[in-house]
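Working notes for the structure below.
The values are calculated or read from the model by the stated rules, or taken from the named source; none is laboratory data. This is a predicted model, so every value here is computed, not measured. Cβ sites come from the backbone with ideal geometry, for glycine too, and all protein chains shown count toward neighbours. Quick note on the areas: whole protein, heavy atoms, side chains included, nothing else; ligands and nucleic acids left out. Shrake-Rupley method; radii C 1.70, N 1.55, O 1.52, S 1.80 Å.
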Amino acid sequence: MKLFPYAHATHPQWGMAANLVLAQLRAQIALHGYASSPTLALLYITDHYAVHAEAILEHLSAELPEITDWSGTVGVGIASNNVEYFDEPALAVMLLELPSDQYRVFSGVAPLGLTFEAHTALVHADGHAPDVAGLIEELAERTDSGYVFGGLSSSRGRTVQFAVSGDGNVKGQGKASGVFSGGLSGVAFGPDVTLVSRVTQGCLPINRAHKVTGVDRNVVLTLDGQSALDVLLRELDVTLEQPREALQAVRATLVGLTEPAALADASQTIMRTGNFGSDVLVRHIIGLDPGRAGIAVADVVTEGMELAFCQRNVQAARADLMRICAEIREELEPQEQALEVATALAQSEAEAAPHAARGIAGAIYVSCTGRGGAHFGGPSAELQIIRRALGDVPLVGFFAAGEIARHHLYGYTGVLTVFTGK
């Protein structure tokens, strides 16, 4: 599989940014080693451009007539290789060359049909859609792998998704012209499209996990038989007699929830790395219930779950991001390499250069809006970590209001997925 052409640009005028992107894409298509006949495009725009979504898609698709299928969404920030754009007008595009029978674009008006054997899927979702978590779980169940990846659109204004299939003819799209709001959209991939995907967490447990022994929907009443509020205050070393300090500490605290069926794997990951694994779902504490000595969290909790109080941690986030990149490299790079390949990858100038030996044609990174460079120590620091670990690979993505991996909806995580050449 050849490298996927990709490009990104920022400019106050969307037309200028789009033309800069087109120039980069055309230059790469002409290069040896890059895909010369792509048909699928991923398009991500920041919310500064959301009001121009239809015009942007119309312009790009007219200038790239060979691209018959489009998918993407809006974010308060978008990402590309080694760079992120926050609070500025920007767009990023990646062109994928895949067998036409191995992918399908879907949307709310053109759902994924039973005629296509989906192995996995890239999903863009509207967080305001009713029971969006249930929709994601249902879609995952319709794939052979049970694994989907992506995120919730994020915007301070209009929330949009892009979905165009077959020369702009998505059945039933009507006047939408490939730009939608609400529900799910994305790209389903067949079994011959090989992907490697990992989830990275950004929170560190404060103490050991506790078993949920009493709960009323989303209000946790007891942990290990003790009142949940007392356990929380004890672990934060605060008291309600000093409400200001207590409130400040609680606001900086989240909960990590683990389903009973995943407890063994989750415990092993925490013991091995000190960080949460992908089986842990991080949720906000949305209130305290002094009358019942309970804690309200932003999800339905059931007895038997494990709950660990946690806080966002820069060092843990950096270490865990490097860990998943190392896992991806280890899975893709062969144990034995030809001398010329090993030499090329070892050269400092080539360390970040695209190379077929890495086995990565392109990558998609979806991170939380609460992460980004500021959380990692500086502008674009999160994407720079990925580049140092994976090298200079084609990459696009966005910062989401919730991240999707497997059949779960996460928070404060990053989901890194690479298309392999194997």
Apart from one, (1) touching a Gly at 6+ places or on another chain (Cβ under 9 Å); (2) under 30 Å from A118 (Cα atoms) all hold for L195; the odd one out is (1)
Strands (runs of 3 or more DSSP E) lying entirely in segment 79-129 (those with 3 or more residues that are of a type outside the set (A, V, I, L, M)) | 83-86, 103-106
What's the number of the condition E241 fails, among (1) open to solvent by 10 Å² or more (accessible area, probe 1.4 Å); (2) farther than 15 Å from V301 by Cα; (3) touching a strand residue (DSSP E or B) at 6+ places or on another chain (Cβ under 9 Å); (4) of a type outside the set (A, V, I, L, M)?
-> (3)
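A quick yes/no check of all residues on (1) modelled with pLDDT of 90 or more; (2) more than 12 Å from Y410 (Cα to Cα); (3) surrounded by fewer than 19 Cβ atoms within 10 Å (Cβ to Cβ):
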position: Q248; (1), (2), (3): yes, yes, yes
position: G256; (1), (2), (3): yes, no, no
position: L263; (1), (2), (3): no, yes, yes
position: S267; (1), (2), (3): no, yes, yes
position: T273; (1), (2), (3): no, yes, yes
position: S278; (1), (2), (3): no, no, no
position: I286; (1), (2), (3): yes, yes, yes
position: G291; (1), (2), (3): yes, yes, yes
position: I295; (1), (2), (3): yes, yes, no
Kindly indicate whether any position in segment 60-74 is of a type outside the set (S, T, N, Q) and within 20 Å of V393 (Cβ to Cβ).
-> yes
Those residues of segment 33-78 which are among the charged types (D, E, K, R), buried (at least 21 other Cβ atoms within 10 Å of the Cβ) and not in a strand (DSSP E or B), in sequence order = D47
Members of segment 224-238 that are part of a helix (DSSP H, G or I) and either in contact with a Gly (Cβ under 9 Å, 6 or more places away or on another chain) or loosely packed, with under 14 Cβ neighbours inside 10 Å (or both) | A228, L229, D230, R234
Residue by residue through segment 5-23, note down the ones that are of a type outside the set (G, A, S) and either under 23 Å from the mean Cα position of the chain (by Cα) or not in a loop (DSSP other than H, G, I, E, B) (or both).
-> P5, Y6, H8, T10, W14, M16, N19, L20, V21, L22
All conditions in (1) charged (D, E, K, R); (2) at pLDDT 90 or above; (3) out of contact with any Ser or Thr (no Cβ under 6 Å at 6 or more places or on another chain) are true of E306 except (3)
